[in-house]
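The structure under discussion appears below in the form of structure tokens.
The values are calculated or read from the model by the stated rules, or taken from the named source; none is laboratory data. The model shown is predicted, which means the values in this text are computed figures rather than measured ones. Here Cβ is always computed from backbone atoms with ideal geometry, including for glycine, and neighbour counts include all displayed protein chains. What goes into the accessible areas is simple: the full protein's heavy atoms, side chains included, and nothing from ligands, DNA or RNA. Shrake-Rupley method; radii C 1.70, N 1.55, O 1.52, S 1.80 Å.
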Amino acid sequence: NGFFVFDTSKIITYSPNIVMSKLEASSKNSEQITLNLDNEVKLPARFNSIEATYFLSNNQIGDKVLFQYKLEGYSDNWTDWSERATVAYSNLKFGTYTLSARAMVSDVISETDFELSFKISRPWYFSSTALLVYVAFMVLLFRIVNSRYSKYYRTEQEKLIDENKRKINLMTLK
């Protein structure tokens with residue numbers, strides 16, 4: 001009967017290299033588009049839900065892989081470690097976001113995070129043109145209301161002046 005000597009100093013650890021395999025955006029109407037990761041990602045306002053899938057390019061079979069995610073612009077905190085290689089965010093507001101992901105294999109965390117920035121455009125009703133129309137409408141509405149009040153009070157003032165003139169004429173006649 002013998003011994004088995006296990007020298008942990010001879011174990012080679014490697015830093016996991018995380019890569020995004022797929023990024024999809026979807027709308028509330030269940031429209032889906034797969035995004036090209038090579039170009040700048042700019043989404044129309046209706047595509048305000050995203051789903052990203054990751055993998056490790058240097059993973060050894062059998063190693064337990066854990067993933068962690070963060071979406072800057074939505075939350076500044078990393079998610080808890082999980083075995084899920086997919087992350088989804090929905091109902092995102094317009095703006096610029098950076099999706100970050102990192103992996104851990106055998107207590108070794110990836111040296112670099114995978115980061116991808118994307119932008120969700122403003123909806124048409126928040127566009128510069130729409131905001132300008134809203135301001136113009138408010139100014140026009142204010143002018144109309146102001147004009148109506150001025151006309152009403154001018155008419156009331158004229159009635160009061162006529163009433164006072166009539167009273168003065170009656171007093172002078174007596």
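Could you look through the stretch 141-166, keep only residues that are open to solvent by less than 100 Å² (accessible area, probe 1.4 Å) and under 51 Å from the mean Cα position of the chain (by Cα), and pick out the one that is farthest from Ala45 (Cα to Cα)? That would be Ser150. Evaluation of Asp162 against the conditions (1) acidic (Asp, Glu); (2) modelled with pLDDT of 90 or more; (3) part of a loop (DSSP other than H, G, I, E, B) shows that the sole unmet condition is (3). Residues that are assigned to a strand (DSSP E or B), at pLDDT 90 or above and of a type in the set (S, T, N, Q) within the stretch 1-27 comprise just one, Ser26. Is at least one residue of the stretch 63-70 under 18 Å from Tyr97 (Cβ atoms), open to solvent by 40 Å² or more (accessible area, probe 1.4 Å), touching a strand residue (DSSP E or B) at 6+ places or on another chain (Cβ under 6 Å) and assigned to a strand (DSSP E or B)? No: the stretch 63-70 contains no residue that is under 18 Å from Tyr97 (Cβ atoms), open to solvent by 40 Å² or more (accessible area, probe 1.4 Å), touching a strand residue (DSSP E or B) at 6+ places or on another chain (Cβ under 6 Å) and assigned to a strand (DSSP E or B).
Annotation note: of Lys42, Lys28, Lys64, the sole residue that is basic (Lys, Arg) and closer than 19 Å to Glu115 by Cβ is Lys42. Among the residues of the stretch 104-116, those identified as open to solvent by 40 Å² or more (accessible area, probe 1.4 Å) and over 22 Å from the mean Cα position of the chain (by Cα) are Ser106, Asp107, Ile109, Glu111, Thr112. Going through (1) open to solvent by 30 Å² or more (accessible area, probe 1.4 Å); (2) over 30 Å from Phe126 (Cβ atoms) one by one, Thr79 falls short only on (2). Residue count for the stretch 19-39 under the criterion of being closer than 25 Å to Arg102 by Cα, out of contact with any Leu (no Cβ under 8 Å at 6 or more places or on another chain) and among the acidic types (Asp, Glu): the result is 1. Among the numbered conditions (1) modelled with pLDDT of 85 or more; (2) open to solvent by 30 Å² or more (accessible area, probe 1.4 Å); (3) closer than 16 Å to Ile120 by Cβ, the only one that Ser30 does not meet is (3). Considering Ala45, Ala101, Ala52, the condition of being touching a Leu at 6+ places or on another chain (Cβ under 8 Å), among the small types (Gly, Ala, Ser), outside any helix (DSSP H, G or I) and open to solvent by less than 90 Å² (accessible area, probe 1.4 Å) is satisfied by Ala52 alone.
Those residues that are outside any strand (DSSP E or B) and in contact with a Leu (Cβ under 8 Å, 6 or more places away or on another chain), I need them from the stretch 71-91; list them, please. Answer for the stretch 71-91, where residues must be outside any strand (DSSP E or B) and in contact with a Leu (Cβ under 8 Å, 6 or more places away or on another chain): Tyr74, Trp81, Glu83. Residues of the stretch 81-89 include at least one that is farther than 18 Å from Ser26 by Cβ and small (Gly, Ala, Ser). Per the listing Tyr125, Tyr89, the residue uniquely under 20 Å from the mean Cα position of the chain (by Cα), surrounded by 16 or more Cβ atoms within 10 Å (Cβ to Cβ) and closer than 16 Å to Phe47 by Cα is Tyr89. Close Cβ contacts (under 8 Å, 6 or more residues apart or on different chains) running from residues in the stretch 154-174 that are among the polar types (S, T, N, Q) to residues that are modelled with pLDDT of 90 or more are absent.
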